[in-house]
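Let me begin by presenting the structure, written as structure tokens, before commenting on it.
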Amino acid sequence: MKRILILGGGAGGVVVASRLSKMLKDNAGITLIDKNRYHEFRPSYLWVAMGTKKPDDVRRELTLLERKGINFLNGSVKSIDVADRKVGVEVGGGGGIKMLDYDYLVVALGAELRPEMLKGMEHAYHTWELDDALRFKDALAGFKGGRVVVGVASMPYRCPPAPFELALMLRYLSEQRGVDDRTEISIFHPAWSAPMEPFGPFMQKAFSNFLEQYRIRFHGNWKVDHIDGERKRIVAEDGDALEYDLAVVIPPHVPSRAVAESDLADKTGYMSVSRKSLRNARYDDVFGLGDIIAPTLGIGMAGVFAHFEGDYIATQIADELSGAYMAMNYNRSGICVMDIGYAGAAVFCDFSKVLAGEARYPECWMLGGMKAFRGIKMAFERMWFAELFGK
């Protein structure tokens, strides 16, 4: 029986595990490892911050996967020795390392937040982790209007459109509370001269129109140096500053240390894979997916990418182990449904030509202005949990 290790219980990891358990049934030993007891539906963190959802609404115990014959190990991945096919896992927090062998390795460890890398980050809020969304909820409870600044500390970061969705939701909140006339909202971005710049002229125009309609100012190529909490100023590298009453800053992201210190990493510390197969070039029994490979692929970090990559990887492994399995094509598209309070918007982008090196921008389409998109986003969350966890 082949041993399949899956590192990470996020969107990509649970998709691979669930698909393989169905495809291979009892013909492989599947183990999923994550330091968190829960799988969390990250697109719903914003709803937690806004009070629409509670933590248990947006997460499920990873032990539920055991009903599908998947072994779950609650531990932190400390080392990846691809030459000897071994992974070191700390279980229980006592410092002891358990070494696990594998025949196939799927790395879905994602990117980790490092707020300490930005001086003054303790004075800002964000919704990029569940605990931080709850902290932001407490801050919003006392929000009475003022200067709101939403920004990105550095590249790359999870979910490129999310800062815009958050800013638009805050505009909606200010109107609902009757403080819109004394609320100014602005967004800064360290790498884009226009909103959603890497997604092409269509998306730039669409998001620019959104910001203009809801009176949100965009500061492009604005690189933050530090947050001055005493004076309530976010200071840029060139000395420019944005004054705030409420600061929302997405912290720096870094690759998993276990990946960065292994032979799988490229010079950035993220995992190197073939754009075609999602396998590591040196070790064809090792696959990568999700945020940990996003910089190599040259696309953004998003759960939808990890989802489709997980489908593709699972069918490749199943094909090799069963001798004949109709493998799925690699779906190189991205779908994002946004709730902006007033209504919603859905974005679809095809990255096929970008990943093939044939185009600079993905081909994108957008639908907006309909409240139905909020319902669609909620329905997808329910479907996600039902399909993968049975509840």
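The values are calculated or read from the model by the stated rules, or taken from the named source; none is laboratory data. Nothing here was measured: the structure is a model prediction, and the numbers come from that model. Cβ: placed from backbone, ideal geometry, glycine included. Neighbour counts: every protein chain shown.
The residue list ALA314, ALA359, ALA345, ALA318 contains one member that is within 17 Å of PHE164 (Cα to Cα) and touching a helix residue (DSSP H, G or I) at 6+ places or on another chain (Cβ under 9 Å), which is ALA345.
Table: residues versus (1) modelled with pLDDT under 90; (2) farther than 25 Å from GLU165 by Cα.
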| residue | (1), (2) |
| --- | --- |
| ASP238 | no, yes |
| PRO251 | no, no |
| ASP266 | no, yes |
| ILE293 | no, no |
| HIS307 | no, no |
| ASN329 | yes, yes |
| PHE351 | no, no |
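Quick one: LEU130 ticks every box in (1) assigned by TED's automatic domain parsing to the domain that holds GLY310; (2) in contact (Cβ under 8 Å) with a residue 60 or more places away in the chain; (3) in contact with a Lys or Arg (Cβ under 8 Å, 6 or more places away or on another chain) bar one, so which box is it? Failing condition for LEU130: (1). In this structure, is VAL179 β-branched (Val, Ile, Thr), surrounded by 18 or more Cβ atoms within 10 Å (Cβ to Cβ) and either assigned by TED's automatic domain parsing to the domain that holds LEU46 or modelled with pLDDT of 95 or more (or both)? No: the conditions fail for VAL179.
Kindly indicate the residue of segment 1-56 that is under 22 Å from ALA139 (Cβ atoms) and among the basic types (Lys, Arg) and also surrounded by the most Cβ atoms within 10 Å (Cβ to Cβ) among those meeting that condition. Selected residue: ARG42. Looking across segment 42-75, just one residue is within 28 Å of ASP285 (Cα to Cα), part of a helix (DSSP H, G or I) and β-branched (Val, Ile, Thr), and that is THR63.
For segment 140-167, a tally of residues being surrounded by fewer than 20 Cβ atoms within 10 Å (Cβ to Cβ), among the hydrophobic types (A, V, I, L, M, F, W, C) and not in a loop (DSSP other than H, G, I, E, B) returns 2. Looking across LYS137, LYS119, LYS78, one residue alone is surrounded by fewer than 18 Cβ atoms within 10 Å (Cβ to Cβ), touching a residue at least 24 places away in the same chain (Cβ under 8 Å) and in a strand (DSSP E or B). It is LYS78.
Taken over segment 81-113, the residue count meeting the criterion of being touching a residue at least 24 places away in the same chain (Cβ under 8 Å), in a loop (DSSP other than H, G, I, E, B) and over 18 Å from MET271 (Cβ atoms) is 1.
Here TYR125 qualifies as modelled with pLDDT of 95 or more, among the aromatic types (Phe, Trp, Tyr), within 17 Å of MET50 (Cα to Cα) and under 24 Å from the mean Cα position of the chain (by Cα). Regarding segment 209-224, can at least one residue be identified that is among the basic types (Lys, Arg), part of a strand (DSSP E or B), at pLDDT 95 or above and closer than 21 Å to ARG147 by Cβ? Yes, there is a match, as at least one residue in segment 209-224 is among the basic types (Lys, Arg), part of a strand (DSSP E or B), at pLDDT 95 or above and closer than 21 Å to ARG147 by Cβ. Taking segment 297-342 as the range and being of a type outside the set (Gly, Ala, Ser) and in a loop (DSSP other than H, G, I, E, B) as the test, the residues that pass are ILE299, TYR325, MET326, MET328, ASN329, TYR330, ASN331, ARG332, ILE340, TYR342. Has segment 324-332 got any residue that is farther than 13 Å from LEU105 by Cα, within 21 Å of the chain's Cα centre (by Cα) and surrounded by fewer than 20 Cβ atoms within 10 Å (Cβ to Cβ)? Yes, that holds for at least one residue.
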